[in-house]
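Novice: Structure incoming, see below.
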Amino acid sequence: MEVLMPEPQIYVERTLAIIKPDVIAKEEEIEDVILRSGFRILQKRKLQLSPEQCSNFYAEQFGKMFFPNLTAYMSSGPIVAMVLARNCAVSYWKEMLGPSNSLRARITHPHSLRALYGTDELRNGLHGSVSTSSAEKEIRFIFPEAILEPLPTGQRARDYLNLYVKPTLLAGLTALCKEKPAEPMIWLADWLIEHNPNKPKLQYHVSQQEHQQ
């Protein structure tokens, strides 16, 4: 009698987690909780978003009373963004976070991360994608080089190439012809990295004393 073995499962669901500016000092502690909860951290970066970038990231909240305070808060200092992966990553991370209002979370979900690390309704310490589609969009915003499954095919792939890839590649090849570098492939690779239209601009605040050192 032949025994049919179940096919191995590959968990590819991903979500975006952000450690917000006011709890950045708890980064290692929070990462430890994440790893002990069965997540893998696929990508991680520390950056500071401008108010304009925060407005784009939270575009769905535009027009709400708290929107100006939200963008000011999220651009007030560095954040740590992580791509987390595990089975049911989006829903599990949302469950770990608890209610968005940290004051309410302390009452209804006292062991949730926002109850432990957040301050109030605005400064709730951590961000999580609300759905798989939001996760894909947010991951592409913070990690534009990320490859997310499923890969586009057919007309969707052609539309993506025409809209995002061909204009940048054409500009790069034009610049390459004008420059005529000794190592054209390396030069073009560096140019494409530098001129990636989806790359967030990191902001570094250098004091006058640091600048003189």
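The values are calculated or read from the model by the stated rules, or taken from the named source; none is laboratory data. Given the structure is predicted, the values throughout are model-derived calculations rather than measurements. Cβ placement follows ideal geometry from the backbone for every residue including glycine, while neighbour counts extend to all protein chains displayed. These area figures cover heavy atoms from the full protein model, side chains too; ligands, DNA and RNA do not enter into them. Shrake-Rupley method; radii C 1.70, N 1.55, O 1.52, S 1.80 Å.
Novice: So, in region 87-98, exactly how many residues are closer than 20 Å to Glu27 by Cα and open to solvent by 20 Å² or more (accessible area, probe 1.4 Å)?
Specialist: 4
Okay, residues lined up against (1) modelled with pLDDT of 75 or more; (2) open to solvent by less than 100 Å² (accessible area, probe 1.4 Å); (3) assigned to a loop (DSSP other than H, G, I, E, B):
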| position | (1), (2), (3) |
| --- | --- |
| Ile139 | yes, yes, no |
| Pro144 | yes, yes, yes |
| Glu149 | no, yes, yes |
| Asp159 | yes, yes, no |
| Asn162 | yes, yes, no |
| Leu173 | yes, yes, no |
| Met185 | yes, no, no |
| Asn198 | no, yes, yes |
| His211 | no, no, no |
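Novice: Looking at region 153-182, I want the residues that are over 15 Å from Glu194 (Cα atoms) and have a partner that is part of a loop (DSSP other than H, G, I, E, B) with Cβ atoms under 6 Å, at least 6 apart or on another chain. Which pairs are those?
Specialist: Pairs that qualify, where the first residue is over 15 Å from Glu194 (Cα atoms) and the partner is part of a loop (DSSP other than H, G, I, E, B), are Tyr160/Pro152.
Novice: Would you pick out the residues in region 97-117 that are free of Cβ contacts under 8 Å to residues at least 60 places away in the same chain and in contact with a strand residue (DSSP E or B) (Cβ under 9 Å, 6 or more places away or on another chain)? Talk me through it step by step, then tell me what you get.
Specialist: So in region 97-117, the residues free of Cβ contacts under 8 Å to residues at least 60 places away in the same chain come out as 97-112, 114-116.
Those that are free of Cβ contacts under 8 Å to residues at least 60 places away in the same chain and in contact with a strand residue (DSSP E or B) (Cβ under 9 Å, 6 or more places away or on another chain): Leu97, Arg114.
Novice: Got a sec? Which of Ser129, Ser134 is open to solvent by less than 30 Å² (accessible area, probe 1.4 Å) and either touching a Leu at 6+ places or on another chain (Cβ under 6 Å) or of a type outside the set (Ser, Thr, Tyr) (or both)?
Specialist: On the way: Ser134 fails: either touching a Leu at 6+ places or on another chain (Cβ under 6 Å) or of a type outside the set (Ser, Thr, Tyr) (or both).
When all the criteria are applied, what remains is Ser129.
Novice: Across region 44-79, what is the number of residues that are touching a residue at least 24 places away in the same chain (Cβ under 8 Å) and open to solvent by 50 Å² or more (accessible area, probe 1.4 Å)?
Specialist: Of the residues in that region, 9 qualify.
Novice: Further, regarding this structure: As an exercise: evaluate Thr119 against (1) part of a helix (DSSP H, G or I); (2) farther than 18 Å from Lys64 by Cβ; (3) out of contact with any Lys or Arg (no Cβ under 9 Å at 6 or more places or on another chain) and give the number of the one condition it does not meet.
Specialist: (1)
Novice: What is the one condition in (1) more than 18 Å from Ile19 (Cβ to Cβ); (2) touching a residue at least 24 places away in the same chain (Cβ under 8 Å) that Trp93 does not satisfy?
Specialist: Unmet for Trp93, out of (1) more than 18 Å from Ile19 (Cβ to Cβ); (2) touching a residue at least 24 places away in the same chain (Cβ under 8 Å): (1).
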